[in-house]
Amino acid sequence: MFESSKDILFLVLALCVLLFTTFVCWALWYVIRMLREGAKAVDDVVAKLHSIDETIRGVKEKLEHSASYLGVVATGVKVLIDYLGQHKEEVARRAAEAVEKAAGAAKRKMSGDDEA
C-alpha cells in the first residue's frame, strides 16, 4: 500500500484537505444561518415600523378631520357666548328696572306715610 514516505505524505495531505473542506462547509452553513436570522429580524423590524407608520397616519387623519370641525365648534361656542351675554344684559336690565320700581314704590309709600 505505501511504497514510500511520499505516499504517506499524500495521504496525510488528502485527509487535511478533507478536514479543511468539512470545516469550511460547516462555517459557511453557520454564516448563512446567521444571515438568514438577521434578515428575519430586519423583516420583523420593518413590519413593526410599517404598523407604527400606519397608526401615525391614522391619528394624523383623525386630527385633520377634527381640526376641520374645530372651526365650526368655535363658531358655535362664540354664538352661544354672545347669546348668553345678551341674555345676561337683558336680565340685568330687567332686574335694574324692578329695583327702580320697588325703590319708587317704597319712596312713594314712605312719602305717603309722612303726609298721613
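The values are calculated or read from the model by the stated rules, or taken from the named source; none is laboratory data. These figures come from a predicted structure and were not determined experimentally. Note that we place each Cβ from the backbone using ideal geometry, even for glycine, and neighbour counts take in every protein chain shown.
With the condition kept exactly as written, say whether any residue in segment 31-52 is β-branched (Val, Ile, Thr), in a helix (DSSP H, G or I), modelled with pLDDT of 90 or more and over 28 Å from the mean Cα position of the chain (by Cα).
yes
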So which residues in segment 58-110 are surrounded by fewer than 10 Cβ atoms within 10 Å (Cβ to Cβ) and either of a type in the set (S, T, N, Q) or outside any helix (DSSP H, G or I) (or both), if there are any at all?
68
